[in-house]
Amino acid sequence: MVIYLRSGGKLRERLKPDVDQYTRRVEVEGTPSLNEILADLGIPDGLVAFAFAEGTFRRLDYRPSEGEIVTLQPPVSGG
Amino acid sequence: MDGFGGTTLRINLSTEEIERTPTDPEFARSWMGARGFVSKILYDEVPRDADPLGVDNRFIISTGVMTGAFTPVGSKVGFGCISPATNGHADSSMGGHLGPELKYAGYDLIICEGIAAHPSYLYIDDDTVELRPAGDYWGMGSLELEERMKNDLGEDFQIATIGPSGENGIVFSCITHDFGRQAGRCGVGAVMGSKRLKAIAVRGTKSLPVHDLKSHWKLTYDIIQRTKTHPNMAPWQKYGTAFFVGWSNERGCFPTKNFQETYHKDWEKIDGERLVEDCLVSDKACFGCWMNCGKYTRARIPGKPDTYQEGPEYETIALVGGSCAFTDINHVAYANHLLDNIGMDTMSGGSTVAFAMECYQRGFITKDDLEGHELRWGNIDDFEHFVRMIAARRGIGDVFARGTKGAAEAIGQGTIKFASQAKGMEFSGYDTRWYPAQLLSYCTCDIGAHHSKSWTITTDIELGRDTIEGKAAVVIYLQHIRPLFDTWSCCRLFWGELDVTPEEHVETINYMTGWDITLDDCMQVSERVWNLNRAHFMERNGGPGRSHDGAPARHLEEPIPDGPAKGKVVGRENFEAMLDDYYANRGWDKDGNPTREILEELGIGYAADNLEKIGLLGKPIPGGIPKVRGKKLKPKAM
Amino acid sequence: MRIKVKKESCTGCRLCEQICTICRYDEINPRKAAIKIVPHFPQPGIFEPKLCVQCGVCAKECPVDAIHLEGEAYVIHEDECTNCGICVEACPIGVMFTHDAAPTPIKCDLCLKCTEVCNTGALIVVD
Amino acid sequence: MPRSKRHTERYARQIDTPGWGAEGQKRLGASHVFVAGIGGLGCAAATYLAAAGVGKLTICDCDLLELSNLNRQVLYSTVDVGSPKAPLAAARLRALNPDIEIIPDLTEIDHANAAGLIGDATVVVDCLDNLETRVALNRAAIATRVPMVYAACSELTGHLSFLRPPDTPCLECFVSRLPPAVEPAIPGVTPATMGSLQAMEVVKYLTGIGEPLAGRLLILEGTEPRIDVIQIERDPDCPACRGLS
């Protein structure tokens, strides 16, 4: 199936967007978790803190469904 | 005058006259401070038939040579009067910040006489001294009032207060300061209340004159650096005196169920470790002290409001916790707060409730006497209700307001046997049946039973707990050295626990004052005070002296039923033999009456004249009095 | 180098106040100290040491520039100070103290003696 | 000028905000806001809270000013480098609004002292710069039941939420990963925006205007730019607020 991963910030470099400036189309087999998808894309642990999809917070054990747009968030704790 | 505030205040509460005089340097040198000052003034001024709670008693507030001056550790202030508990000399001291504040305001001594027309408080702001109406302060609890007065006058005033107990003349009423420091013993709070003096507020902003400041501060500075790593420092800082609960239990001297037993099987539920782990809010030190033995705590009991208090300290844990058989440190801390706020000494107060609990256990008092309540061992609600009955002098509370001796006399039926007191003041938190020197210490103590003047648990262990041999001489030495700290008006613990020598204390006094005195000179002052207090007690209470030194029957006759000291008891014969030994070593005759020879050697021949007039002067000792009274054993103090 | 205050370790003994006036004025008088221990009792039951943190606001506000940065401490020059009290008002943490018998406001000059007598870790020197 | 007239004039331009009024202004004046950290977020948040007339502001920060702070921490001057930030900020804010109480506190916040520091505060504003201290503050806010307005920044990304468990998640319900060890880039505009939004949440809460950002996380992505407000929920296994009710 196909899902879309988005990122506006520095994760973009790792994500290599292709749909537009922020979004990458990813083809996956079965219903993998975000953790598994990120590992396949070679995005190291620790770069993504959590994600959200359709206005809802998602942990990285979340399994996106077909066509879902998932926005990734880096760890943010500065001030 | 170097080393002193310089001014003595005399306040006639009846006429509101306030007289300021320079403190007499000769007087200062002869009596040095707090306990010493008090002893001399009471002896000179109080008519022998004066009612302790009447107009002729004096209420004295006194600092001493070491107070307030970067010393180890001049935090103390002494209160003096004729005690309503013993009808003799009373001095009771407390740490905190009041003493130093008084000295920075310039005062060595405040002598209050008469009785105020209305409830009042003493207001001192440097040179401004006023007797102000107490208004609605009267009736307030000690701790509540301190908070209120800090709000009314400002945080930089140091406040001492009495509670309802002191207002109502309960003989074991205390004076409270700094949210948990007390001049607890001898009923000084009752005398303050009898003067209608609800509180003292002091602010002092002056510099304390010191003769040789550089040598003075360097000495104490070096002592601080040296003692920071002393092995006793860490446990004292962490647990304070509560550390000794386990120690005392192991040695079979922890009062339990009103001294029926001497080992509390649940001691681990009320010891220092429980206190620190369950209740500690902060560590709290007196002025100028780097050992911070004060533990400020919060007690939490379901269904009751949380209370904040300093302590409980060892003595409170022993005489409230052990003696009333509590098994939860929160209950002991709550009881501590209750007694503090109501204005009762936790030692005599705890003991008096424990005594009542035994009376209840044995059926001498019943529910009918207790407004339908019970008085069960270890029950905080029963404890609280009974304390409130005493404070308000309701019903049988009025009887127990006289302390264990007074209550036993009123109840009769042989209850005096289990009143652990001497001269009308309750024992400190150490049972004596395996510790004969401690029993002698209590019974010969000039203010009534109190460990502050002689504590011998380690001495008894060192010399052998089953013997009386050589004990009396050591007790005498301790009765001179330990009260010396009350006379200098500093804390005893730096000597006892951190090996700061008495000689170092004397050195600091010399730097401060410009005097050139030795420890022997100071020990003579201490012995002078002891003998003057003895003479004074006999002049007030008749004689012979020996008749006032008796021990409670329980400690002479009733073997300890269980625990590490099982089967131990001092025995009447042993006790009387110790008294003989004690009098001989003091230069007193067999009846316990001081001789002219000793009184004159100490420079108080006038006391011999007075004793002679009433036929109580000691008979001359064949071969003369001992050259040196008392014998030093490597001291270990608490 | 500065003095770090650990409020929760303060036991309110005020040795710091005493040594401060001994070293500053050759006098024993805690009211003239450049450090002040404020108790908060009966609740919450803690002590608060009030001590200059060398932020320099006083020096900025001084109308006669009598407060100078010397090493890491702002120091009042007694001969230049007019004792006008503006710095006392301006101090953001209320640690410029006054005393009737002191010629200028009283301010910490980082002599560090207080940290030497403190036995609880409430006042420690940090770089 | 008498204090009452000065008061009216100072707040004249905000008091007519619907729902604010004299009552809301009074509530602000009676409030105590604890600002944890006076860096980029804190400078913005504290400035607008002081200006708005919050009666008592505690500014808690143990750091000394560094030159590299000045790209985003605008309460300080270049000559202040090396001095402690909390009193400097307090002096500036006091000049901005002398009618409120500002208490600088140089205590380093940790697990042991955080609850005591918060004390009687009405609201805590989390303007800290590291996760460890944020967690200590979060625990203390839970223990004292004081609501906390959280914000955090990295590059052009910012997060914001109003936390008051058990009604909302706590910080540890949704911030579960340790950040990378390297200090993130923080252009001044990001904390300026997020700190201002924190002040807005505090002011709303104190005056009672509108809806707090409760149970929701606002995510600012400055690059696109885009703002998302997503639903967040309590983590039943949260180490900080599990079982709280």
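From C:Thr104, C:Thr120, which residue is in contact with a helix residue (DSSP H, G or I) (Cβ under 8 Å, 6 or more places away or on another chain), among the polar types (S, T, N, Q) and surrounded by fewer than 23 Cβ atoms within 10 Å (Cβ to Cβ)? That would be C:Thr120, the only listed residue that is in contact with a helix residue (DSSP H, G or I) (Cβ under 8 Å, 6 or more places away or on another chain), among the polar types (S, T, N, Q) and surrounded by fewer than 23 Cβ atoms within 10 Å (Cβ to Cβ). Taken over the stretch C:60-101, the residue count meeting the criterion of being more than 30 Å from C:His40 (Cα to Cα), small (Gly, Ala, Ser) and touching a helix residue (DSSP H, G or I) at 6+ places or on another chain (Cβ under 9 Å) is 1.
Here B:Trp236 meets each of (1) in a helix (DSSP H, G or I); (2) under 22 Å from the mean Cα position of the chain (by Cα); (3) under 30 Å from B:Leu145 (Cβ atoms) with one exception, condition (3). When you look at B:Gly78, is it in a strand (DSSP E or B) and not aromatic (Phe, Trp, Tyr), yes or no? Yes; evaluated as a whole, the condition is true for this residue. In this structure, is B:Tyr606 of a type in the set (Phe, Trp, Tyr) and in contact with a helix residue (DSSP H, G or I) (Cβ under 7 Å, 6 or more places away or on another chain)? When the stated conditions are applied, B:Tyr606 does not pass them. Look through the stretch B:156-207, keep the residues that are in contact with a Lys or Arg (Cβ under 6 Å, 6 or more places away or on another chain) and over 21 Å from B:Ile124 (Cβ atoms), and return whichever of them is surrounded by the most Cβ atoms within 10 Å (Cβ to Cβ). This residue is B:Val171. Among the residues making up the stretch B:345-396, those that are of a type in the set (Gly, Ala, Ser) and over 18 Å from B:Asn258 (Cα atoms) are B:Gly372, B:Ala391, B:Ala392, B:Gly395.
The set of residues in the stretch B:388-412 that are under 19 Å from B:Gly448 (Cβ atoms) and either aromatic (Phe, Trp, Tyr) or not in a helix (DSSP H, G or I) (or both) comprises B:Phe400, B:Ala401, B:Arg402.
Reported count of residues in the stretch B:182-207, each being β-branched (Val, Ile, Thr) and at the interface with chain C (Cβ under 9 Å from one of its Cβ atoms), is 1. Taken together, B:Gly587, B:Gly605 contain a single residue that is on the phi > 0 side of the Ramachandran plot and without any contact (Cβ under 8 Å) to a residue 60 or more places away in the chain, which is B:Gly587.
Take the residues of the stretch C:9-35 that are among the basic types (Lys, Arg) and more than 20 Å from B:Gly294 (Cα to Cα): which is farthest from the other protein chains (Cβ to nearest Cβ)? So the residue we want is C:Arg24.
For the stretch B:293-309, give me the residue count where each residue is in contact with a helix residue (DSSP H, G or I) (Cβ under 8 Å, 6 or more places away or on another chain) and either surrounded by 24 or more Cβ atoms within 10 Å (Cβ to Cβ) or under 18 Å from B:Val387 (Cβ atoms) (or both). Residues in the stretch B:293-309 being in contact with a helix residue (DSSP H, G or I) (Cβ under 8 Å, 6 or more places away or on another chain) and either surrounded by 24 or more Cβ atoms within 10 Å (Cβ to Cβ) or under 18 Å from B:Val387 (Cβ atoms) (or both): 9 in total. For the structure I just gave you, tell me whether D:Ala141 is surrounded by 20 or more Cβ atoms within 10 Å (Cβ to Cβ), of a type in the set (A, V, I, L, M, F, W, C) and away from chain A (no Cβ under 12 Å). It is true that D:Ala141 is surrounded by 20 or more Cβ atoms within 10 Å (Cβ to Cβ), of a type in the set (A, V, I, L, M, F, W, C) and away from chain A (no Cβ under 12 Å). Residues in the stretch C:73-122 that are within 12 Å of chain B (Cβ to nearest Cβ) and touching a Pro at 6+ places or on another chain (Cβ under 8 Å): C:Phe97, C:Thr98, C:Ala122. I'd like to check something: does the stretch B:266-285 contain any residue that is part of a loop (DSSP other than H, G, I, E, B), acidic (Asp, Glu) and buried (at least 21 other Cβ atoms within 10 Å of the Cβ)? Yes: one or more hits.
Taken together, the residues in the stretch B:86-103 that are within 14 Å of another protein chain (Cβ to nearest Cβ) and either within 20 Å of C:Thr11 (Cβ to Cβ) or surrounded by fewer than 24 Cβ atoms within 10 Å (Cβ to Cβ) (or both) amount to 7. Just to be sure, is B:Val210 in contact with a helix residue (DSSP H, G or I) (Cβ under 6 Å, 6 or more places away or on another chain), surrounded by 24 or more Cβ atoms within 10 Å (Cβ to Cβ) and either within 11 Å of chain C (Cβ to nearest Cβ) or assigned to a strand (DSSP E or B) (or both)? Considered against the rule, which asks whether it is in contact with a helix residue (DSSP H, G or I) (Cβ under 6 Å, 6 or more places away or on another chain), surrounded by 24 or more Cβ atoms within 10 Å (Cβ to Cβ) and either within 11 Å of chain C (Cβ to nearest Cβ) or assigned to a strand (DSSP E or B) (or both), B:Val210 comes out as no. Among the listed residues D:Leu57, D:Leu49, D:Leu41, D:Leu28, identify the single one that is outside any helix (DSSP H, G or I) and either surrounded by 24 or more Cβ atoms within 10 Å (Cβ to Cβ) or more than 14 Å from the chain's Cα centre (by Cα) (or both). Among D:Leu57, D:Leu49, D:Leu41, D:Leu28, only D:Leu57 is outside any helix (DSSP H, G or I) and either surrounded by 24 or more Cβ atoms within 10 Å (Cβ to Cβ) or more than 14 Å from the chain's Cα centre (by Cα) (or both). Of the candidates B:Gly135, B:Gly114, the single residue that is free of Cβ contacts under 8 Å to residues at least 40 places away in the same chain and more than 13 Å from chain C (Cβ to nearest Cβ) is B:Gly135. On inspection, C:Pro49 fails the criterion of being of a type outside the set (A, V, I, L, M, F, W, C), at pLDDT 95 or above and either surrounded by fewer than 19 Cβ atoms within 10 Å (Cβ to Cβ) or not in a strand (DSSP E or B) (or both).
Tell me whether the stretch C:51-63 contains one or more residues that are hydrophobic (A, V, I, L, M, F, W, C), in contact (Cβ under 8 Å) with a residue 60 or more places away in the chain and either away from chain B (no Cβ under 14 Å) or touching a strand residue (DSSP E or B) at 6+ places or on another chain (Cβ under 9 Å) (or both). Scanning the stretch C:51-63, I find at least one residue that is hydrophobic (A, V, I, L, M, F, W, C), in contact (Cβ under 8 Å) with a residue 60 or more places away in the chain and either away from chain B (no Cβ under 14 Å) or touching a strand residue (DSSP E or B) at 6+ places or on another chain (Cβ under 9 Å) (or both), so the answer is yes.
Comparison of A:Ile3, A:Ile37 shows that the only residue that is crowded, with 17+ Cβ neighbours inside 10 Å, touching a residue at least 40 places away in the same chain (Cβ under 8 Å) and farther than 30 Å from D:Ala36 by Cα is A:Ile3. Which one is nearest to D:Glu183 (Cα to Cα) among residues in the stretch D:29-81 that are more than 13 Å from every other protein chain (Cβ to nearest Cβ) and among the polar types (S, T, N, Q)? Among them, the one singled out is D:Thr47. Taken over the stretch B:26-58, the criterion of being outside any helix (DSSP H, G or I), surrounded by fewer than 24 Cβ atoms within 10 Å (Cβ to Cβ) and touching a strand residue (DSSP E or B) at 6+ places or on another chain (Cβ under 7 Å) is satisfied by B:Val46, B:Ala50, B:Arg58. Per this entry, B:Val506 is not counted among residues that are part of a helix (DSSP H, G or I), in contact with a Gly (Cβ under 6 Å, 6 or more places away or on another chain) and more than 28 Å from B:Phe418 (Cα to Cα).
Annotation: D:Glu132 fulfils all but one of (1) surrounded by fewer than 23 Cβ atoms within 10 Å (Cβ to Cβ); (2) of a type outside the set (S, T, N, Q); (3) outside any loop (DSSP other than H, G, I, E, B); (4) away from chain A (no Cβ under 14 Å); the unmet one is (4). Scanning the stretch B:104-129 for residues that are surrounded by 15 or more Cβ atoms within 10 Å (Cβ to Cβ), of a type outside the set (Gly, Ala, Ser) and assigned to a strand (DSSP E or B) yields a count of 13.
The values are calculated or read from the model by the stated rules, or taken from the named source; none is laboratory data. Since the structure is predicted, the reported quantities are computational estimates derived from the model, not experimental observations. No Cβ is skipped: glycine too gets one built from the backbone with ideal geometry, and neighbour counts run over all protein chains shown.
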